1. So which of 101, 95 is touching a helix residue (DSSP H, G or I) at 6+ places or on another chain (Cβ under 7 Å) and either modelled with pLDDT of 85 or more or on the phi < 0 side of the Ramachandran plot (or both)?
2. Looking at residue 60, is it at pLDDT below 80 and over 19 Å from residue 20 (Cα atoms)?
3. Out of 48, 85, 114, 94, I need the residue that is within 18 Å of residue 24 (Cβ to Cβ), in contact (Cβ under 8 Å) with a residue 24 or more places away in the chain and surrounded by fewer than 19 Cβ atoms within 10 Å (Cβ to Cβ). Which one?
4. Taking the condition of being over 10 Å from residue 12 (Cβ atoms) and touching a helix residue (DSSP H, G or I) at 6+ places or on another chain (Cβ under 7 Å), how many residues in the range 59-71 meet it?
5. Would it be correct to say that residue 137 is at pLDDT below 95 and either within 22 Å of residue 11 (Cα to Cα) or touching a strand residue (DSSP E or B) at 6+ places or on another chain (Cβ under 6 Å) (or both)?
6. Do any helices (runs of 4 or more DSSP H) entirely within the range 1-79 hold 3 or more residues that are closer than 15 Å to residue 123 by Cα and within 12 Å of the chain's Cα centre (by Cα), and if so, which?
């Protein structure tokens, strides 16, 4: 199995994508549009599984950055903590999708509200709860790393 090198991302783009997802999920709630929830679910899942370059809601960020004449980011981060956070968001929204499909509409909006709250926190403050959970290095992030194929350091790499 070949693994790709670890990509780094502009954290401002991560925050921008979170803000766009909050707007879409808010519209979904107000308009009672479960298909919008499903769309965000699928986008989060694709990004978590295949890489942040597939996070469609963050794709406009380079154009926005250029239009606003913002310089390059001084805050770059490995994409794995944001991908893990997106995987957690995917799980919550997938639960919401199942509840919506089952007709438990009021209950379905609770996991959506949780994702909206956490994405709003990220968009406004830059604090990513899912990213912080990833860094704690408990069992679940290790499983996530194995699933998505994150390169693991060899013994020699740890002492460089």
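The values are calculated or read from the model by the stated rules, or taken from the named source; none is laboratory data. Here the structure is a predicted model, which means the values were calculated and not measured. Note that we place each Cβ from the backbone using ideal geometry, even for glycine, and neighbour counts take in every protein chain shown.
1. Numbers: 101 fails: touching a helix residue (DSSP H, G or I) at 6+ places or on another chain (Cβ under 7 Å).
After ruling out the rest, the residue left standing is 95.
2. Values: at pLDDT below 80: yes; over 19 Å from residue 20 (Cα atoms): no.
Criteria not met by residue 60.
3. On the way: 48 fails: surrounded by fewer than 19 Cβ atoms within 10 Å (Cβ to Cβ); 85 fails: surrounded by fewer than 19 Cβ atoms within 10 Å (Cβ to Cβ); 114 fails: in contact (Cβ under 8 Å) with a residue 24 or more places away in the chain.
Answer to the check: 94.
4. 0
5. On the way: at pLDDT below 95: yes; either within 22 Å of residue 11 (Cα to Cα) or touching a strand residue (DSSP E or B) at 6+ places or on another chain (Cβ under 6 Å) (or both): yes.
So residue 137 passes the test.
6. On the way: elements: 11-31, 34-50, 61-67.
Helices (runs of 4 or more DSSP H) meeting the threshold: 11-31.
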